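This report refers to the structure that appears directly beneath it.
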Amino acid sequence: MESETLFAEEAEPPGSRTGNGLQLYNEHVGASLDTLFTLAAVPVRPAPRLSAFSDSRTRAFRKRFFPNTTLKEWNDWHWQLRNRIRDAETLGRMIRLSEDELHAMIGAAGAIPLAITPYYMSLIDPWNPRQALRRTVVPTVHEHFRSSGEADDPLHEDEDSPVPGIVHRYPDRVLFLVTGICSTYCRYCTRSRMVGHQANHCRNTEQWEKGIAYIAAHPEIRDVLLSGGDPLTLADEQLEWLLANLQRIPHVEMIRIGTKAPVVLPQRITPALVKMLKRYHPLWISIHTAHPDELTPDVARACARLADAGIPLGSQTVLLSGINDDVETMTRLVHGLLKIRVKPYYLYQCDPIPGSSHFRTPVSKGLEVIRGLRGFTTGYAVPTYVIDAPGGGGKIPLLPEYVEGREEGDLLLRNYAGKVFRYPDCPAADSVIH
C-alpha cells in the first residue's frame with residue numbers, strides 16, 4: 001500500500017540543485033508571447049472539492065508527469081526539492097496557464113521567485129486559475145502593482161534586528177531567521193524582500209553563531225522562534241546544530257519552529273527528523289496553512305508523526321481574499337486542522353507587502369469570519385485574529401464587539417446568537433472579600 005512506504009528515510013543532504021527559484025525567462029522580456037507559448041482560452045470551471053482523505057489525485061499526477069519516478073523517490077524530500085517547478089515552461093506543461101499568469105512570469109520577475117514542490121503541484125487544478133491553492137503559489141500580474149501603504153518591510157523587522165537574522169521586538173522572545181529558502185513560495189509572503197534570494201539571505205554557521213551569541217547575552221530572552229524562509233529546508237544536522245546550541249543557553253526555556261513543510265513538503269517529516277526533534281523538548285511547531293484542500297492524507301500522516309512525538313502543533317493562517325475569507329471555508333479549515341491534532345492559533349490580516357492588494361481583505365471581513373466561528377464551534381477551533389501592525393507595532397488582536405454597554409451597574413453582553421445578557425459587574429471597591 002502506498003501510504004505504508006510514505007516518507008522513506010533520507011540518504012544524504014540536498015544537493016546544489018535546491019537553490020533559489022525563478023531564474024529563467026528574464027531574458028525574454030519584451031519577446032512576443034507567441035514565440036514562447038500558444039495561448040488558449042481558459043475555460044472557467046468551478047474549483048473542485050478535493051476529497052480530504054484521498055490519495056488518488058497525487059497518485060495520478062505522479063504517474064502522468066513523473067512516470068519513471070519510483071514511489072520511494074517521490075517520497076524522498078530531497079527528490080521533491082530537486083524537482084520543484086521553478087519556471088514557466090515546466091509549469092505550462094502541467095497546467096493551462098492563463099494569459100494573466102503567463103504575462104506575470106515572462107515579464108519582469110517579481111520579488112518572490114517561483115518554486116512549487118511536485119507534491120503540492122499535484123493538488124493544483126490544471127484548468128482553473130481561480131482555484132484557491134493555485135492562486136497562493138502561481139504568480140499573476142497583480143504582483144507587479146504596488147498600492148498605497150505597501151512597503152518592502154512593512155513590519156520593520158530590519159529596524160528591530162540588532163544582529164543579522166535576529167528580530168528582537170517583544171521583551172522575552174526573539175525571531176531567529178535561519179534561512180531565506182522555502183520549498184514552495186507563497187505569493188503573499190511577508191518576507192518577499194528576502195525569501196529565495198540566497199546570495200543575500202542564506203544563513204551560515206558564522207551568522208548563526210552571532211545570533212546565538214546575542215541570545216546568550218540577553219537573559220530576558222526565554223523563547224526563540226526559528227523561521228525564515230523555512231527552517232525545515234535545512235538538513236537534519238544543521239537544524240540539530242541550531243537546536244542544540246540554543247538549548248545550552250540557560251535562560252532559553254522553549255524553542256518554536258515556524259514552517260509550511262508539513263503542508264507543501266510532508267515527505268520532510270521523516271522518522272529521523274522526528275527522532276531528532278524529540279531530543280529538544282519543550283519544542284513547539286507552528287504550521288502555515290491556507291485552505292482546507294491542503295489537508296491531505298500525506299499532511300495528516302506528517303502531523304501525526306509530530307504529534308505522536310509530543311510536539312504541540314499550532315496553525316497560522318493568512319486571511320486571503322477569495323481564498324479563505326468566508327465562514328464556510330474557514331470552518332472547514334479549522335475543523336480539519338483539529339482532526340489532525342493541529343490547534344488553530346493565529347488568523348493574520350494579510351501584510352501590506354508590495355503587490356499584495358489582490359490578496360488583502362477589509363478588516364471587517366476578518367471580524368465577520370471570527371463572528372461566524374465564535375459560539376458556532378468549539379473554542380479550540382477559533383484562532384486569534386490579529387493585525388501585525390505596520391511600523392513594528394507587533395501583533396494586535398481584534399474581536400467583534402460583544403460588549404453592548406452598561407445599564408444600572410450591569411454589563412450588557414451580546415452572545416454569538418445575537419441575544420443580550422446581563423452580567424453583574426461589581427465596582428472594584430465592592431469586590432474585596434473581607
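Residues being open to solvent by less than 40 Å² (accessible area, probe 1.4 Å), modelled with pLDDT under 80 and in contact with a strand residue (DSSP E or B) (Cβ under 9 Å, 6 or more places away or on another chain) are entirely absent from the range 119-130. Residues in the range 351-388 that are charged (D, E, K, R), part of a helix (DSSP H, G or I) and under 14 Å from Thr331 (Cβ atoms): Glu368, Arg371. Residue count for the range 262-287, restricted to those that are open to solvent by 10 Å² or more (accessible area, probe 1.4 Å), in contact (Cβ under 8 Å) with a residue 60 or more places away in the chain and under 13 Å from Ala304 (Cβ atoms): 1.
Thr179 meets the conditions (1) of a type in the set (Ser, Thr, Tyr); (2) part of a loop (DSSP other than H, G, I, E, B); (3) open to solvent by 10 Å² or more (accessible area, probe 1.4 Å) in every case but one. The failed one is (3).
A quick yes/no check of all residues on (1) open to solvent by 50 Å² or more (accessible area, probe 1.4 Å); (2) of a type in the set (Phe, Trp, Tyr); (3) within 15 Å of Arg374 (Cα to Cα); (4) not in a helix (DSSP H, G or I):
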site	(1), (2), (3), (4)
Leu306	no, no, no, no
Thr317	no, no, no, yes
Asn324	no, no, no, yes
Glu328	yes, no, yes, no
His335	yes, no, yes, no
Leu338	yes, no, no, no
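Residues being in contact with a Ser or Thr (Cβ under 9 Å, 6 or more places away or on another chain), in a loop (DSSP other than H, G, I, E, B) and over 21 Å from Leu373 (Cβ atoms) are represented in the range 264-282 by at least one member. Only one entry of Asp293, Asp223 meets the criterion of being over 21 Å from Gly310 (Cα atoms) and open to solvent by less than 20 Å² (accessible area, probe 1.4 Å), and that entry is Asp293.
The set of residues in the range 389-413 that are in contact with a Gly (Cβ under 8 Å, 6 or more places away or on another chain), in contact (Cβ under 8 Å) with a residue 24 or more places away in the chain and not in a loop (DSSP other than H, G, I, E, B) contains only Leu398.
Where helices (runs of 4 or more DSSP H) sit wholly within the range 52-117, those with at least 1 residues that are at pLDDT 95 or above, under 25 Å from Ala302 (Cβ atoms) and open to solvent by 50 Å² or more (accessible area, probe 1.4 Å) occupy 56-65, 71-74, 77-82. Screening the range 195-212 for residues that are open to solvent by 60 Å² or more (accessible area, probe 1.4 Å) and either farther than 27 Å from Leu265 by Cα or part of a loop (DSSP other than H, G, I, E, B) (or both) and picking the one that is modelled with the lowest pLDDT gives His197. Of everything listed in (1) modelled with pLDDT of 95 or more; (2) of a type in the set (Val, Ile, Thr); (3) farther than 27 Å from Tyr348 by Cβ, the single unmet condition for Ile221 is (3).
Looking only at residues in the range 226-244 that are open to solvent by 40 Å² or more (accessible area, probe 1.4 Å) and not charged (D, E, K, R), which one is nearest to Cys186 (Cα to Cα)? The qualifying residue nearest to Cys186 (Cα to Cα) is Gln238. Considering only residues in the range 152-176 that are among the acidic types (Asp, Glu) and open to solvent by 60 Å² or more (accessible area, probe 1.4 Å), the one that is farthest from Gln207 (Cα to Cα) turns out to be Asp152.
One line per residue, one yes/no per condition, for (1) under 29 Å from Leu246 (Cβ atoms); (2) of a type in the set (A, V, I, L, M, F, W, C); (3) at pLDDT 95 or above:
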residue	(1), (2), (3)
Val274	yes, yes, yes
Tyr280	yes, no, yes
Glu294	no, no, yes
Ala304	yes, yes, yes
Ala307	yes, yes, yes
Ile323	no, yes, yes
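If I go through the range 361-384 residue by residue, how many of them are closer than 22 Å to Leu338 by Cα and out of contact with any Phe, Trp or Tyr (no Cβ under 8 Å at 6 or more places or on another chain)? Result for the range 361-384: 9.
The values are calculated or read from the model by the stated rules, or taken from the named source; none is laboratory data. Predicted, not measured: the structure shown is a model, and the values here were computed from it. Don't worry about glycine lacking a Cβ; one is built from the backbone with ideal geometry, like all the others, and counts go over all protein chains shown. Ligands, DNA and RNA are stripped out before the accessible areas are found, and what is left, the full protein with its side chains, is counted by its heavy atoms. Shrake-Rupley method; radii C 1.70, N 1.55, O 1.52, S 1.80 Å.
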